[in-house]
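Q: Let me begin by handing over the structure; questions about it come next.
Every number here is computed from the coordinates shown, using simple stated rules; none is lab data. The model shown is predicted, which means the values in this text are computed figures rather than measured ones. FYI the Cβ positions are ideal-geometry reconstructions off the backbone, even for glycines, and counts take in every protein chain you see.
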Amino acid sequence: PTRLREALVHSRNLVSIRLLRAIGVGYAVRYAARFGFDPARLPRDLSLALGSGSVTPLAMARAYAVFANGGHRVEPYLLLEVRGPDGEVLERARPLRACPECEAAQEAAAAGPARAGGEETGTTGRAWRPAPRVIPERIAWLMRSMMRDVVRRGTGRAARVLGRPDIGGKTGTTNDQRDAWFCGFGPGVVAVTWTGFDRLAPLGERETGARAALPAWIRFMRVALAGVPVEQRPLPEGLVTVRIDPATGLLAAPGQADAVFETFRAEHVPQATAAATPAGGDAAPEPIF
C-alpha cells in the first residue's frame, strides 16, 4: 500500500485514481464546487484525478487559497477602489477575507440582530467581508502539511532554496508535457505558475511542472516573502499525531526503528499495530482522511 502523503509527495497518480474511484466521481465534483470550480466544466470520469479538467491559473489560485488560509473561500478582485478627478472615492471593493475569529460573530448574527456585550455582530462597517468556511480547518491543515512535504522531499524540492519551512505546493504536468504547473502557498500569499503554448503544443522532453513552472514560482516567492516572518500554526483541535509504520500506515510497533510521525483526524487514528499485520501483508491500509 502507498500512503496518500507519499503519493502526493512523489506524484504517484495511480493512488489519486484509486482515491477518486473510492469516494465517487460525483462526490468529488460536488466537493470541488466548494473551491469555486464550476462542476459543469469538470469531467465525470476517473481522468479527473489526472487533471483532465480545464481551469485557469486564477481559478487554481482561488482553490489553493482555501488550503492556505485554513478553509475559507475568498474571491479574486483586481481593483481596490475607484477615485474621481478630485480624489473622492467613487467605489471601493469589499473583498472577502479569511477571518476565523469572525465565525462566532457570524453565527450570532445569523440568530438575529441582537447585540452581544454592546457590540454589533454585523460587519457592515468593515472594509472587507468575512469569507465563508468551505472545508474544516483540520482538513486544510492536513493538506498544507502534505504539500509542505512536496517541497521538503518531493517533486517541489527545488523550492527548498528559499529556506522556508512554511511553504508548500504541488507540481502538475499533463500528457506529452503540453502544460506545466506549480501551485503553492506561503504566509499570506498563494501563487500559481503555468507554462504552455496557446495551441497546446508540447513543451519538450522532460518539461515537467518541477522543471518548467517551479523556477518562476521560486523567483516570485523570493520577492513576495522577503522579510515575512516564518509562520507557525498550532495543530487544530481534532487532529492527533502518532508514530506509524511507514510501509502499512498502521501504528508502529514498540521500538520500531523506521517509524515515522503521521497526523490523523482523531476518529481515524489506526487501532492495529504493525506487529499485528499478517505475514502476507494483506491488511488494509488506514485512510489518513
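Q: In the stretch 186-275, which strands (runs of 3 or more DSSP E) lie fully inside it and hold 2 or more residues that are aromatic (Phe, Trp, Tyr)?
A: Where strands (runs of 3 or more DSSP E) fall fully within the stretch 186-275 and carry at least 2 residues being aromatic (Phe, Trp, Tyr), they are 260-265.
Q: While we're on this one: Taking into account only those residues within the stretch 124-178 that are among the polar types (S, T, N, Q) and in a helix (DSSP H, G or I), which is nearest to the chain's Cα centre (by Cα)?
A: Of the stretch 124-178, the ones among the polar types (S, T, N, Q) are 124, 145, 155, 171, 173-175, 177.
With the extra rule that they be in a helix (DSSP H, G or I), the set shrinks to 145, 175, 177.
Numbers: SER145: 9, ASN175: 23, GLN177: 23 Å.
Of everything passing the filter in the stretch 124-178, SER145 is nearest to the chain's Cα centre (by Cα).
Q: I'm checking my understanding of the structure. Among residues of the stretch 1-17 that are surrounded by 15 or more Cβ atoms within 10 Å (Cβ to Cβ) and among the basic types (Lys, Arg), which one is nearest to THR155 (Cα to Cα)?
A: Going through the qualifying residues, I end up with ARG5.
Q: Kindly list the number of the only condition in (1) under 30 Å from ASP245 (Cα atoms); (2) not in a helix (DSSP H, G or I) that fails for SER52.
A: (1)
Q: Related question: Give the residues of the stretch 205-219 that are surrounded by 14 or more Cβ atoms within 10 Å (Cβ to Cβ) and of a type outside the set (Val, Ile, Thr), sorted by residue number. Please lay out each step first, then the result.
A: Kept after step one, since they are surrounded by 14 or more Cβ atoms within 10 Å (Cβ to Cβ), are these residues of the stretch 205-219: 207-218.
GLU207, GLY209, ALA210, ARG211, ALA212, ALA213, LEU214, PRO215, ALA216, TRP217, listed by residue number.
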